[in-house]
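Heads up: the structure comes next, in structure tokens.
Read-outs throughout are calculated quantities, based only on the coordinates presented, and are distinct from any laboratory measurement. Please read all numbers here as calculations on a predicted model, not as lab measurements. Cβ sites come from the backbone with ideal geometry, for glycine too, and all protein chains shown count toward neighbours.
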Amino acid sequence: AAEKPLLRFITCGSVDDGKSTLIGRLLYDAGLAPDDLIEALEKDSKKHGTQGEALDFALLVDGLAAEREQGITIDVAYRYFATEKRKFIVADTPGHEQYTRNMATGASTAELAVLLIDARRGVLSQTRRHAVIVSMLGVRHVALAINKMDLVDYDEATFRRIEAEFRDFARHLRFLSIEAFPLVAKDGDNLVHQSAHMPWREGLPLLAYLESVEVDRGALVQPFRFPVQWVNRPSHDFRGFSGFVCGGNVRRGDIVRILPIGRDTTIARVVGGGGDLDCAVAGQSVTLTLAEEIDVSRGDMLASPASPAKVGDRLKARLLWLVREPLVCNKSYLLKLAARTVPAAVKSVTARVEIETGLAAPLTEEGETLAFNAIGEAEIELDQPIVCDRYIENRETGGFILIDRVTNETVAVGLVTEAEEAAKSAS
Ligand code: GDP
């Protein structure tokens, strides 16, 4: 049987909009929550005094999250579930303003964003900020979850007004689809089942929509990209290169280009967890061997010779600044892209982007850089060339982070818009 298609989505909203309740209730109504968890939940809900009432569905999600967080602090909780029709990976990120970083992490792999809005409060600046960030990170589909409709008397006009306001605001954000849902996450209205309270609502409930929405999984038809994560040499007669296919596919016998050296060679074997494969596609982890003995190291890339990745030590990029300490131009940060980490300095910030509109705006002050939560266009110089793509062509080989060399903190998320080699452009 064919594999079920996968949808990756992210939930975004302010604290208390009902994100945990929504996911918890969705899993529960679809019969997808593990039994022992439901039992624990029933106990917990009783403990919290909601006896005889609905379960507290936020507890269900927090329970899962806590499990995943044991012993290790993770910023983004990924939750997996599957229905008959589709597999899902949900990135759940905390709603506090200072957690933009987590949102960016979750959004960079998502195809769709569920943006939560409290029906009483409508579109807030936080909603606009989330929409701008997910759009910037390449999320092209939005499910606008207008929640707590019970607190506005299930009023259609309120729902329509919020939907219209969001659509108007999002016009220039390049979303391919926006679908709005009037919800009561707490009661499950329009999540798995149509709501009896909102007969005016036409269209699918949220889960059915998530099961059927068509998103472009462009990665499969992209040119082949394989950043080498590590060199695998268990014995003298085996030398393989292990990593993750970040674009396209690869077969035994394919000619590939080794970057940055630019030499072409043939794939001898494609080895997966269970042995040799004919083919591996985007999303798979494999080990590749080459027909010739060539020195390939961690951080190099195997790519399609017909449309190879770029090699560059001068990048133009869009940066989202994540920390309170502002960007310092000419300071040495570490830039990590795919399997490669190199020292890099931002030479200048050339423009900034209004985070609440997504529109470019001029820099207002002499020497202005990027402050907390700001987005800007920057020119970056690397100590050594890296192999990359433009982010709009490949999110995995075109997205990077900047790390502070002293604190080891991730200070920015970056998207490559152009890459070139200084030595080449000078000659
Ligand atoms: P989160 O911070 O976004 O994860 O929000 P929670 O899921 O924890 O929900 C915040 C509060 O809103 C909780 O008290 C929920 O019970 C409540 N809540 C969630 N959805 C609804 C809803 O549709 N209607 C009403 N009235 N309350 C809701």
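Here are the numbers:
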{"read-out": "Average projection area in nm² (convex hull over Cα atoms of the range 101-200, one quarter of hull surface)", "value": "6.3 nm²"}
{"read-out": "Square roots of 5 times each gyration tensor eigenvalue, C-alpha, the range 141-234, largest first, Å", "value": "38, 17, 12"}
{"read-out": "Sequence of VAL15, VAL192, VAL114 once ranked by neighbouring C-beta atoms within 10 Å, starting from the fewest", "value": "VAL15, VAL192, VAL114"}
{"read-out": "Most to least packed among 362-372, 195-205, 257-267 [average Cβ atoms within 10 Å]", "value": "257-267, 195-205, 362-372"}
{"read-out": "Modelled FRET efficiency - R0 25 Å, ALA422 with GLU354, Cβ distances, 0.05 increments", "value": "0.20"}
{"read-out": "The range 208-353: radius of gyration over Cα atoms, expressed as a fraction of 2.2 N^0.38 Å", "value": "1.26"}
{"read-out": "Modelled FRET efficiency - R0 35 Å, ARG79 with LYS331, Cβ distances, 0.05 increments", "value": "0.40"}
{"read-out": "Table column - 3J(HN,Hα) (Hz), the range 289-301, Karplus curve with 6.51, -1.76, 1.60, x for Gly and Pro", "value": "10, 10, 5, 10, 6, 10, 6, 10, 10, 3, x, 6, 9"}
{"read-out": "FRET E, pair THR407, SER297, Förster distance 35 Å, beta-carbon r, rounded to 0.05", "value": "0.80"}
{"read-out": "Sorted by Cβ density within 10 Å, fewest first, the residues LYS331, LYS148", "value": "LYS331, LYS148"}
{"read-out": "Full-extension gain in nm, LEU6 to GLU156, via 0.36 nm per residue minus C-alpha separation", "value": "50.7 nm"}
